[in-house]
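Remarks on the structure that follows.
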Amino acid sequence: MNIELFISRRLFFDKANKKLLSQRIIRIALAGIALGLAVMIISVAVVTGFKSEIRNKVIGFGSHIQVVNYDSNNSYETQAISENQPFLPVIKTIKGIQHIQVFATKPGMIKTDEYIQGIVFKGVASEYNWDFFEKHLVQGLLPALNDSSRSDQILLSEQVSKLLNLKLNDKAVFYFINEKEVIPRMLQLTVSGIYRTGFEEFDKRFIVGDIKQVQRLNNWRADQVTGFEISVSDFFEIETIEQEIRNTVISFREENSEILRTQNITRQYPQIFDWLAILDMNVWIILILMVLVAGFNMVSGLLVLILERSTMIGVLKAMGSPNWSIRKVFVYLSVFLTARGMLWGNAIGLVVIFIQKAFHILKLDPSSYYVEFVPMNFSFFHLLLLNLGTIAITSVILIIPSYFVSKMSPEKTIRFD
């Protein structure tokens, strides 16, 4: 039988302890642990949710990995490559790849009677995965594309539609300039749908339509495109999968053919993903501070418990109990108390997360944060790690004040009583 555990449980469930001064101090310590753990859970949920939301939006506009012409620079005016590449069947067999689609981009501007706005026309084909834009569609329908005819329908952001006063089914005139051409080319396209992602930097830039329009503007053949967009199942495997794709592309290159290169979304928009990486440091600072606060709260409570139970300590020593055995009693008792505070902390944190996920009570300015509300991402794995880490670290910290048990003399504590 574990004597130390038995004694600590009796002390923990003894109703007479509620009258002691230590119980009031313990309640304050438990409140600190509960609030600290709740803050940690909410902080991790907010940061992981924010990173996931921003990451998914950037990927929605450009996919995970792209294969493009080596001569294409970072602008949206690109060099064409053939749509019929010998490496495509092999790439489709690589583990982790979900979807491959062609695309083409063309920078230009849209003009109305009062405003001019620079845009990027992203042309896509009939096999394009519309899941991202379908999720963020606020009005109208997605462009109807087919392989036989050229469509004049486009998808426009709500931000651009308000700026230029364009509504569904309105016709807008777009201007595009080709190299070595003085007169800009004009396209009149129809607004079939309006989307809103909240990512204003991208919303005001991209319109989506038929890839045949871009091919026509660039004097490309029907089999020429800017490149291929490749979606993967796991974002954190993007580097490994890109390396496999790069090796495959290189192995199929023929002499005198165009040189292709691969680029993943993190290198295409490094400023965004570097910014998201910095958020991890903020979370670690919060976690460390909250754990330390919770630990020292329990240290103060444990010291008061030891002082109030000085007589019991003296009796146990007089009966032959070693110091470490008595210290274990108070460590066990502190762990029980910490667990009670953690239970309340979990409850508070989870309630806040699910209320925010359901009702989006906390709003944000999309122009500054790229999202319209505070995103929350619940992960059972993160919750488990936070709880295990908190109980482990506080238990280690609590060993320090229990050392004072060894300094107590049995004859003095019993005589004092």
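Where a number appears in this text, it was derived from the coordinates with a stated rule and is not lab data. Computed from a predicted structure; not experimentally measured. Cβ sites come from the backbone with ideal geometry, for glycine too, and all protein chains shown count toward neighbours.
Observations, loosely collected:
- Loop-located chymotrypsin sites (Phe, Trp or Tyr not before Pro) in region 53-141 (DSSP state other than H, G, I, E, B) with a sparse environment of at most 15 neighbouring Cβ atoms within 10 Å: Y70, Y115, W130.
- The chain: relative contact order in percent, alpha carbon pairs under 8 Å with at least 6 residues between: 28
- Where Cα atoms sit under 17 Å apart: lysine pairs in region 71-258 separated by 8 or more or lying on different chains: 13
- Restricting the calculation to Cα atoms, region 170-314 shows an Rg/Rh of 1.30 when the hydrodynamic-style radius is the Kirkwood one.
- Among P143, P401, P89: highest mean-square fluctuation, GNM of the chain, C-alpha pairs under 10 Å: P89
- Rg to Rh quotient for region 71-258, alpha carbon positions, Kirkwood Rh: 0.98
- Region 273-322 and region 125-151: distance between their alpha carbon centers, rounded to Å: 57
- Rounded to the nearest whole Hz, the Karplus-based 3J(HN,Hα) values (6.51 cos²θ - 1.76 cosθ + 1.60, θ = phi - 60°) of region 82-91 follow the sequence 6, 6, 9, 9, x, 7, 4, x, 6, 4, with x at glycine and proline.
- Amide H within-cut-off set for N178, under 5 Å, with H built and near neighbours excluded: R185
- Taking region 71-258 and dividing mean pair separation by its residue count, relative contact order in percent (alpha carbons under 8 Å, at least six apart): 32
- Selected from A318, W275, N264, residue furthest toward positive end of dipole (the chain; charges at beta carbon): A318
- Sequence-distant residues sharing a close amide H with E83 (under 5 Å, placed H): Q224, V225
- Legend: helices of the chain (whole DSSP H runs) are marked when their alpha-carbon atoms reach 18 angstrom or more along the helix axis and their mean Kyte-Doolittle hydropathy is at least 0.5; marked are 21-62, 270-308, 323-359, 380-399.
- Once you divide the Cα radius of gyration of the chain by 2.2 N^0.38 Å, the number left is 1.45.
- Antiparallel DSSP beta bridges within the chain, as percent of all bridges there, nearest 5: 80
- Between region 39-85 and region 344-410, the alpha-carbon center distance in angstrom: 31
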